[in-house]
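Nothing in this text is a laboratory measurement; each read-out follows from the coordinates by a stated rule. This one's a predicted model, so the numbers in the text were calculated from it and none came from an experiment. Positions of Cβ are generated from backbone atoms using ideal geometry, with glycine treated the same way; all protein chains shown enter the neighbour counts.
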Amino acid sequence: MVFKSIKNLFSRLSKLNIINKKFERFLALLSSIFVFTLIISQIGLFNETTRTFFTDIDRYEGVDINDLDEVFKKGQVTVKLINTTPDANIKILLNGTVEYDFTEETAVIDVRNNCIIEIDGTKVEVPFKVQIVNTSDNIMSNCNGKEIEIDRNIGVLARIFLK
């Protein structure tokens, strides 16, 4: 019974000429053009040289497996406190996370490529300075000797680029 009523409904709707034939052909042609364009763009995305015309996703993708040793390469930076005594409240941040603290006057930091070194002195009342006194040979930027003054804030000491 229900199926008969649904069938009758569809048969009545099909008799109504809501969309004329010219518009229907236009929609069919437009759909065909879109499908053809989609196929062409997918073929273009598959080829590496034509992919640059369609997208810039290569910049955001991961590291090539052949260059994986570049990801794990490390360098060393030695930083020194100036005008203050060592304090455990002075923190060294690598990429925003606490990695070291100044329990001694100098600290040797292991860094990776594109690493940002920050000094957190928010819990220290007296202003102080921190200086980079030594870097390993594989560090490209000339950050050796760079100095920053901290007065109850967090300051960026350096951004590290490896060779």
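What label, among (i) 61; (ii) 81; (iii) 47, belongs to percent of Cα pairs over 24 Å apart computed from the structure on display?
Step by step, percent of Cα pairs over 24 Å apart for this structure corresponds to label (i).
For the Cα atoms of the chain, what angle does the longest principal axis make with the long axis of helix 21-46, in degrees from 0 to 90, nearest 10?
The angle comes out at about 30 degrees.
Please compute the alpha carbon radius of gyration of segment 115-163, then divide it by the globular-protein estimate 2.2 N^0.38 Å. Two decimals is fine.
Working: Rg = 11.9 Å, N = 49, 2.2 N^0.38 = 9.7 Å.
Cα-based Rg divided by the globular estimate yields 1.23.
Quick one: angle between helix 2-15 and the longest Cα principal axis of the chain, in degrees between 0 and 90, rounded to 10, please.
For 2-15 against the chain, the angle is about 80 degrees.
Given the DSSP H assignment, sum -39500 (n - 2.57) over each helix run of at least 4 residues in the chain and divide by its residue total; what's the result at 222 nm in deg cm²/dmol, nearest 500?
Working: 4 runs with 51 residues, N = 163.
Taking each H run of at least 4 residues, the total per residue is -10000 deg cm²/dmol.
Write down Rg/Rh for segment 69-160, rounded to two decimals, with Rg from the C-alpha atoms and Rh from the Kirkwood relation over Cα pairs.
The Rg/Rh ratio comes out at 0.95.
Could you check which residue among PHE128, PHE46, PHE23 shows the biggest mean-square fluctuation in a GNM of the chain with a 10 Å Cα cutoff?
PHE23
Identify the GluC sites (Glu not before Pro) of segment 89-118 meeting these criteria: DSSP loop state and at most 10 other C-beta atoms within 10 Å of the C-beta. Each step should come with its number before you reach the end.
Numbers: sites: GLU99, GLU104, GLU105, GLU118; in loops: GLU104, GLU105.
Passing both the DSSP loop test and the Cβ count: GLU104.
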